[in-house]
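Have a look at the structure below, then the notes.
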Amino acid sequence: MSQPERADPPAHRADREGGPHRRTPRFLTVVLGLAGLLVVLLFVQAAKDVVAPVFLGLNLLIVVYPLQQWLERFVHRILAATVSLLIVVGIILGFFLLAGWAVSQLVVELPAHNDAFLSLWKQALTWLDGLGISTAVIQETLRGVNAGSVMSLLTPVLSNVTAVTGAVATLILAVFFLTLDSMSLPDRLGLVAGSRPHITTALRAFAVGVRRYWLVTTVFGLIVAVLDVIALSLIGVPLIWAWGVLAFLTNYIPNIGFVIGLVPPALLALLDGGWVSALAVVIAYSVLNFVIQSIIQPKFTGESVGVTPAMSFLSLMFWYWVLGWIGALVALPATLLVKALLVDADPRARWVNAFISSSPRAPTRPDRRPDVPRTPRSRVDVPPTPGTGTGYRLARAVSEVLAPPVLASLLMAIAALAHGVTARSVLAAVVAIGFTIALPMTVIVVLTRRGRLSGHYVPERTERTPVYVGTLVSGGVGMALLVLLRSPGALYVVMGGIATGLIVVLVVNLRWKISAHAAVAASVSVTLAGWLGGPWWAMIAVPLAVAWSRVRLRVHTRAQVVAGTALGVAVALAWLPLLH
């Protein structure tokens, strides 16, 4: 009796028949995908002189596109597009004109310091001679410098200038044609949304992320520029506004932008005030730019565009390699575009967000719809959560940058250096900030990481008493050291005011929570405005910004912020006569 034939499983039958549904091995799919990606990247790298300016122009146009949409409600779309084009071209030309003006100020100022340069040159030769290095060797080396060697050094610089000019021309042309296409953009997106809604959603998220990125970068650039101008005015460096403009512009260039903005004011400080002033400029720039650009800004930049800080850094390195110096400017927007096209647009690939997104969410099954249909939420019925939105991120940035440790450190540095930058005044500023701010904040951060405190600004009222007492003790030790150093009298007054405010906040917090952020912001602003006057009256805007940020973050109520502001003003007015 014959045995009946057993049917092969579908997978075996498909393999034997070589049917069209045969599954490709996963490793082969990965290898082919990586090979295709490498080919695309090599093509983009070869065409970076065209691709990079076009993509930068696309970024600028995305930033101003909401304005174009708003204008289309009142005027013809061609006129609205023309206004957007003029704004973008103005931004491009303004960037390079301001940079050229700042550098030209240095070129004009340098001839007035020829005597100082010769004096420094003689001091350098004397110092080298003391180290055993013969000046004859240096002079023999300088004799070898001729017109040919100078031109060989200038040739790369001139070629870079030519490349920048070509990139600007390509950028303006790209913006012109992209502006023409932007007039029909809503209709085009509507056609895509009909068949590929995920792609439309991903592209809209990309546009929102680009706008947030440039907004955050611009805000932090202004903050860095203002703080640099304040530091340079205290040190006594000429042309502080030129260096402030240069610091703002170079903030858009990650990493090396800090060095470009530092060299001119440090060189001028060296010629005008000597080694101490130059060293003070380097220290001030290094501290301000490291804290703001390397610690605070990457966190907010990454969160504003939806990627982790590590992904932000890797994006900078990668796109600089692919697109050159413009790639450093558009690194995060380029990463957003790749993420939108390859991850967000494909529901099956959204698991990648768990590794690169700043706030990952559980991916939804593409083949399963929710049982309950979604309905648009009313702004009245469902209020926005405090932890989302551009306003929340901006409030966090303001609260971090204008935090009590930052403002108190600024006030103590100004008090120590107000009557001249000397080795003693610099040491006094370091001691005051170290014992009053740095040491207590280090302890607070350690206790926060160990779970002993609820946050590095101690939001819980019941946790503040031991923290404030410890800060007062540390500040008292610092005050004793300042007396031994015979520090400037203004520094004692400032530290006394800080201690007074801290004691009052400590007593009030025993029964009721008051905003220390608002108190310190108001006290520092009123002190600087009443003591120094002039442009320092602009500091009055600081407590307003801080009060808004604390209420927007829902850390304090309006009453707590108003009480803190009133307390800060009262403390400042009480100690201000001693400064005069």
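The values are calculated or read from the model by the stated rules, or taken from the named source; none is laboratory data. Small disclaimer: the values here were computed from a predicted structure and weren't measured. When we count neighbours, we look across all protein chains shown, and the Cβ atoms used for this are built from the backbone with ideal geometry, even at glycine. Just the protein is used for accessible areas: all its heavy atoms, side chains included, with ligands, DNA and RNA removed. Shrake-Rupley method; radii C 1.70, N 1.55, O 1.52, S 1.80 Å.
Can you tell me the accessible area per residue over the stretch 424-484, all protein chains present, probe 1.4 angstrom, in square angstrom?
Numbers: 3390 Å² over 61 residues.
Result: 56 Å² per residue.
Could you work out the Kirkwood radius for the stretch 439-580, taking every pair of different alpha carbons, averaging 1/r and inverting it, reported in Å?
16.0
Subtract the Cα-Cα distance of Thr465 and Leu173 from 0.36 nm times their separation in residues, and report this length gain in nm to one decimal. All intermediate terms of the calculation are to be shown ahead of the outcome.
Values: separation 292, 0.36 × 292 = 105.12 nm, distance 6.18 nm.
Length difference between fully extended and current span is 98.9 nm.
Given a Förster distance of 56 angstrom, what is the FRET efficiency for Leu510 paired with Leu37, based on the Cβ-Cβ distance and rounded to 0.05?
0.35
Which residues does the label zone of Val30 cover in the stretch 323-347, counting backbone N under 16 Å from a point 7 Å along Cα→Cβ?
none
What FRET efficiency comes out for Leu189 versus Ile91 if R0 is 25 angstrom and r is the Cβ-Cβ distance? Round to the nearest 0.05.
On the way: r = 25 Å, r/R0 = 0.99.
Efficiency at R0 = 25 Å is approximately 0.50.
For the stretch 161-258, compute the orientation-averaged projected area of the C-alpha convex hull (one quarter of its surface), in nm².
About 9.0 nm², averaged over all directions.
Label points 7 Å out from Cα along the Cβ direction at Ala538 and Leu98: separation in nm?
Each label point is offset 7 Å from its Cα along the Cβ direction, giving 1.2 nm.
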